[in-house]
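The values are calculated or read from the model by the stated rules, or taken from the named source; none is laboratory data. These figures come from a predicted structure and were not determined experimentally. All Cβ positions, glycine included, derive from the backbone under ideal geometry; neighbour counts span all protein chains shown.
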Amino acid sequence: MFLRLIETCIRSRNLILGQIIHQHLLKRSLMLSSSNVLVNLTRLYASCNEVVLARHVFDEIPHPRTNPIAWDVMIRAYVSNDFPEKALDLYYMMLDSGVTPTKYTYPFALKACAGLRAIEDGKLIHSHVKCSDFTSDMYVCTALVDSYAKCGEIEMAIQVFDEMPKRDIVAWNAMISGFSLHCCLTDVIGLFLDMRRSDGLGPNLSTIVGMFPALGKAGALREGKSVHGYCIRMGFINDVAVNTGILDIYAKSKCIIYARRVFDSDSMKNEVTWSAMIGGYIENETIKEAGEVFLQMLVNENMGMVTPVAIGLILMGCARFGDLSGGRCIHCYAIKAGFILDLTVGNTIISFYAKYGSLCDAFRQFSEIGLKDIISYNSLISGCVENCRAEESFRVFHNMKSSGIRPNITTLLGVLTACSHLAALEHGFSCHGYCVVHGYAVNTSVCNALMDMYTKCGKLDAAKKVFDTMHERDIVSWNTMLFGFGIHGLGKEALTLFESMQDTDVNPDEVTFLALLSACSHSGLVDEGKEVFNSMSRGDFNVIPRIDHYNCMADLLARAGYLDEAYDFVNKMPFEPDIRVLGTLLSACWTYKNVELGDKVSKKMQSVEGTTGSLVLLSNTYSAAERWEDAANIRMTLKKRGIHKTPGYSWVDV
């Protein structure tokens, strides 16, 4: 009788009645030693999303817990309620208990792997599937495809997908969603067409939603319009997820007017729709309209529509466009509405003040957060580095470690950048050691930061050692090493490294040629620098010279003493010379005591932008040529204008 009553409660998800039955059983000590009753009570609480109660009852099931249903129910409950780590732990406990997984066990364990992006666990579960009777089960194979695709293991996803004896729309949707997250739009469209050609399946709502990330990422306006039209014809347009996805595509395609039309036509907006519209305006650099939508959400809609995500978006928009007063207003609203207790909102406020440059407010907000996480510390460390308070970032870093929070890659990148700014070699050595001990030294971004730190601290040999031992190098790795050779005056080594780079799959970019030209400039390699610049101009590497490259070339000629050629080169540039290139010329005129050319450059420089630097350089040029009266006149001009030269400074790590 009790089993039938519990089963009725499970079907109707009647938690209150189920708890009354459970209480009755406890009072009378009836059947609570029965595995069947406990398994069904576990199912009851799991179906009502009461995970803690479900686990409590599950643990009461007497050993051995050979019934796989209880395990499957509990694993599913953890995954459904966003506890993927606990789901995996229970899966491994199930194996240790000698219970054989079912075809329902594997999909939910794999879903936990997908949520955690735990690719190694996914591969291990795949090996368990191969040893079972479910290698051809469509339900299990679809879960494998979904897990591999979401973790970015596209080749493995394709392999499992191709080996499936039969594929339904769910399997195709899993592939399309994975491709949409990790591949280009062309691949997603190709897969979409293959679905219709190979298996004769028509797309459903989930297919269309799965394609949205790729369409938005590519900013594909034409394809987005086609999908929008298809959704209208098929009647999908009434779905809020579809409307929100189309709105997002238009916003990311820089067609914010269409995005707003979709937003206004949607009568069933949810919190994601409002957040997408706010985010779209911010992405299109229209903070005023983003603020208006936020206010409209507050005034016209249920307050439940306001979420931490919406507050975070509008705050970051205020930071991006320098709207301190607007950000403070949002901060006040977050306090009044109780959102300030949300850790995500608290972290966003720290980031907002840090990005704006108001570190005092950032530290105040940081101190008011009760339970801090890794993002809280990372936001403050990054803010200190960005606002030239690198010393403070070290203090925050040490406090973070003292609190028991383990630094991640983002933390280490921030600290290494601080080491670079301060040329703090000892701190850099310590950070490098930490990276090695905790396995971060294999990460490409961390290695790039280490190389940058070592080159700026004068340890080029250490930077080269990091470069040589890297598992995988990207364009930033090569550029960082090229700049390192350049600032240490090793132009020939930079050119040799560039030749090695051409033997790899990494293509040089604009920064690569800036590094090469800078290296030639610091090493006096005029002919080599000219050849590098000419190769760009010819289009040998599909990189068009920008004004920065022309500036580097002018600096190369000027440093080598070819002042007239440099001046002629600047006048023939396809750009108007800016203050930097003219300053470079003027500095060279001072070095080589070419007062006549210095006069010309200074007049041109002041017509572009009258700066303290140009006048000081001209004064120094006159002094070097022993034209003391002219030098004094320039100094007098500076004094009359109330312009003061910013004194130089240097530091050393002790």
request  = Say whether the condition of being charged (D, E, K, R), touching a Lys or Arg at 6+ places or on another chain (Cβ under 8 Å), part of a loop (DSSP other than H, G, I, E, B) and surrounded by fewer than 15 Cβ atoms within 10 Å (Cβ to Cβ) is met by at least one residue in region 188-202.
outcome  = yes
remark   = Across region 124-145, the tally of residues that are at pLDDT below 95 and within 26 Å of the chain's Cα centre (by Cα) stands at 0
request  = Would you list the helices (runs of 4 or more DSSP H) that sit entirely within region 333-427 and hold 2 or more residues that are more than 26 Å from Cys447 (Cβ to Cβ), of a type in the set (D, E, K, R) and out of contact with any helix residue (DSSP H, G or I) (no Cβ under 6 Å at 6 or more places or on another chain)?
outcome  = 359-368
Identity of the residue in region 94-124, among the small types (Gly, Ala, Ser) and exposed (fewer than 15 other Cβ atoms within 10 Å of the Cβ), that ends up nearest to Tyr78 (Cα to Cα) = Ser97
task = Kindly state which helices (runs of 4 or more DSSP H) lie completely within region 517-619 and contain at least 3 residues that are within 38 Å of the chain's Cα centre (by Cα), modelled with pLDDT of 85 or more and on the phi < 0 side of the Ramachandran plot.
result = 526-537, 547-559
message = Name the single residue that is modelled with the highest pLDDT among those in region 192-215 being more than 22 Å from the chain's Cα centre (by Cα) and small (Gly, Ala, Ser).
response = Ser206
query = For region 5-14, does any single residue satisfy the condition of being of a type outside the set (Ser, Thr, Tyr), surrounded by fewer than 15 Cβ atoms within 10 Å (Cβ to Cβ) and in a loop (DSSP other than H, G, I, E, B)?
reply = yes
request  = Select from region 275-297 the residues that are crowded, with 21+ Cβ neighbours inside 10 Å and either among the aromatic types (Phe, Trp, Tyr) or on the phi > 0 side of the Ramachandran plot (or both) and list them in ascending order.
outcome  = Tyr281, Phe294
Meets criteria (more than 25 Å from the chain's Cα centre (by Cα), buried (at least 16 other Cβ atoms within 10 Å of the Cβ) and of a type in the set (S, T, N, Q)) for Thr244 = no
ask   = Cβ-Cβ below 6 Å, separation at least six or inter-chain, first residue in region 536-561 and closer than 13 Å to Ala588 by Cα, second hydroxyl-bearing (Ser, Thr, Tyr) and surrounded by fewer than 20 Cβ atoms within 10 Å (Cβ to Cβ): which pairs?
value = Gly561/Tyr592
request  = Kindly check whether there is at least one residue in region 140-162 that is in contact with a Gly (Cβ under 7 Å, 6 or more places away or on another chain), crowded, with 20+ Cβ neighbours inside 10 Å, closer than 30 Å to Tyr281 by Cα and not basic (Lys, Arg).
outcome  = no
key: Count of region 371-396 residues which are of a type in the set (Phe, Trp, Tyr) and surrounded by fewer than 24 Cβ atoms within 10 Å (Cβ to Cβ)   = 1
